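Structure, as structure tokens:
The values are calculated or read from the model by the stated rules, or taken from the named source; none is laboratory data. As the structure is a prediction and not an experimental result, all values here were calculated from the model. Neighbour counts are summed over all protein chains in view; Cβ atoms, including those assigned to glycine, are modelled from backbone coordinates with ideal geometry. Surface accessibility is based on the protein's heavy atoms, side chains included, excluding ligands, DNA and RNA. Shrake-Rupley method; radii C 1.70, N 1.55, O 1.52, S 1.80 Å.
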Amino acid sequence: MTEVTKASFGATPDGRLVDVWTLRAGGYAAQVLTYGGILRSLTVPAPGGSRDIVLGCEILEDYEKQDKYLGALVGRVANRIGGAAFELNGKSYPLAANSGPNCLHGGVRGFNQAVWQAREVDGSLVLTHVSPDGDEGFPGTLEVRVTYSLTADGVMRLDYWAKSDADTLCNLTNHSYFNLLGHDAGTLAGQQVEIFADAITQTDENSTPTGALLPVEGTPFDLRRPRDFLEGLAMNHPQLALGNGYDHNFALHTAPVSPLSLAARVSGGGLVLECLTTQPGLQLYTANYLDGTPGKGGASYGPRSAFCLETQSWPDAIHHASFPSPVLRAGELYRHTTVYRVSMC
């Protein structure tokens, strides 16, 4: 049985009230903010006692100041759209270039800055948001629903649902930063990662996909067997240099939707985190650009102090016909599920 409670977490400068919801099941607890749908903490049983393995901020103001998407729900389109523009049904749509020449994570004011509506349903937390037609340049009014669930056996499940009244793009994800040694450990030392993919989407100097798939064989991206994060980050490879570390989409498969399947596994500190998803891609990001972001309990989050496992459609897919399509047709349903399962090893 999951216990769900709510408390105030402050208000934005424009007066929007923000709540923090807590889900408890067995020895597990997750905190979720209505601001950005942010996963603020995930506390799990660990050797020596409980451990919070998700980076987060102490107060709302710190979330509003940072631009690293800490724990946030990301949309309308996660990752990059090259050239900050796209064409759909013969019409061009200019977007904000908020990451070099690219539109990143939905634009200047994406879903990570929205205050979501929230309610408890059968022991789960259901968040909803409506993105109006023209929001950040995207067509169609998009209704979005994300459900957070937590069970006593360490399963945190995110179910994504969306519908638009006009053809549009949709690619939703969660941008939580994990560290199995604890949110304030400051290093990825002693943690190993596996990702079950044979290729990555190759990127250019702006982290924009070139359209080519790069086989992982013989590269630092060959994570089909466990590899220490720091070992991989220390290797020489042009793609690592361009991303200042791991910041790449692993091509899990080419179908836009698949059965829920194991995409990644990370172990360390006596814990194992498994990521399962229906999405075709997984962005591994090693917090290369955290810059001393103020965290919970006085922590300061620096470069490579955490990892992200962002399940997604492939980045810039609208510009590459061979990639799984990010187009959501009017009246169709967007549905995806991602599971983060944490246990002691």
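Does region 44-87 hold any residues that are assigned to a loop (DSSP other than H, G, I, E, B), open to solvent by 10 Å² or more (accessible area, probe 1.4 Å) and not aromatic (Phe, Trp, Tyr), and which are they?
Just the residues of region 44-87 that are assigned to a loop (DSSP other than H, G, I, E, B), to begin with: 47-48, 53, 55-59, 66-72, 75-76, 78-79.
Filter once more, so that each one left must be open to solvent by 10 Å² or more (accessible area, probe 1.4 Å): 47-48, 58-59, 66-69.
Residues satisfying the conditions are PRO47, GLY48, GLU58, ILE59, GLN66, ASP67, LYS68.
Looking at LEU23, LEU33, can you tell me which residue is farther than 30 Å from GLU136 by Cα, modelled with pLDDT of 95 or more and open to solvent by less than 10 Å² (accessible area, probe 1.4 Å)?
On inspection, the qualifying residue turns out to be LEU23.
Within region 138-157, restricting attention to residues that are in a strand (DSSP E or B), touching a residue at least 40 places away in the same chain (Cβ under 8 Å) and not β-branched (Val, Ile, Thr), which residue is surrounded by the fewest Cβ atoms within 10 Å (Cβ to Cβ)?
In the first step, residues of region 138-157 are kept if they are in a strand (DSSP E or B); the result is 142-150, 155-157.
Filter once more, keeping what is touching a residue at least 40 places away in the same chain (Cβ under 8 Å): 142, 144, 146, 148-150, 155-157.
Adding the requirement that they be not β-branched (Val, Ile, Thr) leaves 142, 148-150, 156-157.
Numbers: LEU142: 26, TYR148: 22, SER149: 20, LEU150: 26, MET156: 25, ARG157: 17.
Within region 138-157, the match that is surrounded by the fewest Cβ atoms within 10 Å (Cβ to Cβ) is ARG157.
How many of the residues in region 297-313 are out of contact with any Ser or Thr (no Cβ under 7 Å at 6 or more places or on another chain) and not in a strand (DSSP E or B)?
7
With respect to ALA321, is the statement that it is open to solvent by 30 Å² or more (accessible area, probe 1.4 Å) and either polar (S, T, N, Q) or in a loop (DSSP other than H, G, I, E, B) (or both) true?
In short, yes.
Among the numbered criteria (1) touching a strand residue (DSSP E or B) at 6+ places or on another chain (Cβ under 9 Å); (2) open to solvent by 10 Å² or more (accessible area, probe 1.4 Å); (3) without any contact (Cβ under 8 Å) to a residue 60 or more places away in the chain; (4) at positive phi, which one does GLY134 miss?
So the condition that GLY134 fails would be (1).
Taking the options SER41, SER8, SER92, name whichever one is small (Gly, Ala, Ser), touching an Asp or Glu at 6+ places or on another chain (Cβ under 7 Å), more than 22 Å from ARG157 (Cβ to Cβ) and part of a strand (DSSP E or B).
Among SER41, SER8, SER92, only SER8 is small (Gly, Ala, Ser), touching an Asp or Glu at 6+ places or on another chain (Cβ under 7 Å), more than 22 Å from ARG157 (Cβ to Cβ) and part of a strand (DSSP E or B).
Any idea which of (1) surrounded by 17 or more Cβ atoms within 10 Å (Cβ to Cβ); (2) of a type in the set (A, V, I, L, M, F, W, C); (3) over 22 Å from TYR340 (Cα atoms) is the one LEU276 doesn't satisfy?
(3)
Okay, residues lined up against (1) open to solvent by less than 30 Å² (accessible area, probe 1.4 Å); (2) out of contact with any helix residue (DSSP H, G or I) (no Cβ under 9 Å at 6 or more places or on another chain):
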site: ASN288; (1), (2): yes, no
site: ALA306; (1), (2): yes, yes
site: THR311; (1), (2): yes, yes
site: ASP316; (1), (2): yes, no
site: ALA330; (1), (2): no, yes
